[in-house]
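*Asks:* Pasting in a structure now, in structure tokens, and then I'll have a few things to ask.
The values are calculated or read from the model by the stated rules, or taken from the named source; none is laboratory data. Since this is a predicted model, take the numbers as computed values, not measurements. Here Cβ is always computed from backbone atoms with ideal geometry, including for glycine, and neighbour counts include all displayed protein chains. Ligands, DNA and RNA are stripped out before the accessible areas are found, and what is left, the full protein with its side chains, is counted by its heavy atoms. Shrake-Rupley method; radii C 1.70, N 1.55, O 1.52, S 1.80 Å.
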Amino acid sequence: GYGGVVVYTRDSKLPMELVPRLREAAKKVNFDWDKDFALTDNTCTEQTDGEKVLLREQFAGKAAIQTEGQIQAAAVRARGNAVNSVKGEINQAEKAIEGLEKKAVDFEKEIVKDVFKVEEEIVKDVVKVEEEIV
């Protein structure tokens, strides 16, 4: 872990007028300000043209990767939607075929009934004709 000390100020650099107070505070907890502490400079530096180009390239690369990932995700969603749509259409087609098969069977039964009725009528007519002949 870090195990150090951080002094937060509103400035990017530690104001030197605070150092005497910090030196005294460090002594109270058995630390030597000059040996145990290091000052850092958190000022923002001017970026060079090369750094700007590098940052733009890094950003563009990340954007391209994100875009590629988004395209892949959209393709997966589209494939899933297509599969679900086809499954639904297959189910509807199967139900339609079952309905047609039932209607065809019912139609065949009606035709058989009609054939029997026609046959009965023909037999009656033949019997009448035979009676008239005899």
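*Asks:* Go through the stretch 25-34 residue by residue and tally those that are open to solvent by less than 100 Å² (accessible area, probe 1.4 Å) and either of a type in the set (Gly, Ala, Ser) or in a helix (DSSP H, G or I) (or both). Reasoning before the result, please.
*Replies:* Initially, the stretch 25-34 is screened for residues open to solvent by less than 100 Å² (accessible area, probe 1.4 Å), giving 25-26, 29, 32-33.
Restricting the remaining residues to those that are either of a type in the set (Gly, Ala, Ser) or in a helix (DSSP H, G or I) (or both) gives 25-26, 33.
Qualifying residue count, the stretch 25-34: 3.
*Asks:* If we keep just the residues of the stretch 38-51 that are of a type in the set (S, T, N, Q) and over 21 Å from TYR8 (Cβ atoms), which is surrounded by the fewest Cβ atoms within 10 Å (Cβ to Cβ)? Can you show your working first?
*Replies:* Restricting attention to the stretch 38-51, the residues satisfying the condition of being of a type in the set (S, T, N, Q) are 40, 42-43, 45, 47-48.
Checking the rest, the ones that are also over 21 Å from TYR8 (Cβ atoms) come to 47-48.
Working: GLN47: 11, THR48: 9.
By that ranking, first place goes to THR48.
*Asks:* Also, I was wondering about something else. Pick from GLU119, GLU132: which is among the acidic types (Asp, Glu), assigned to a helix (DSSP H, G or I) and either surrounded by 10 or more Cβ atoms within 10 Å (Cβ to Cβ) or modelled with pLDDT of 90 or more (or both)?
*Replies:* Going through GLU119, GLU132 in turn, just one is among the acidic types (Asp, Glu), assigned to a helix (DSSP H, G or I) and either surrounded by 10 or more Cβ atoms within 10 Å (Cβ to Cβ) or modelled with pLDDT of 90 or more (or both): GLU119.
*Asks:* Across the stretch 13-24, what is the total count of residues that are more than 17 Å from ASN42 (Cα to Cα), among the basic types (Lys, Arg) and open to solvent by 100 Å² or more (accessible area, probe 1.4 Å)?
*Replies:* Qualifying residue count, the stretch 13-24: 1.
*Asks:* When you go through ALA64, ALA96 one by one, which is the residue that is in a helix (DSSP H, G or I), of a type in the set (Gly, Ala, Ser) and modelled with pLDDT of 90 or more?
*Replies:* The match here is ALA96.
*Asks:* Additional query: So if I check each of LYS103, LYS35, which one is farther than 30 Å from SER12 by Cα and without any contact (Cβ under 8 Å) to a residue 40 or more places away in the chain?
*Replies:* Only one candidate passes the filter, namely LYS103.
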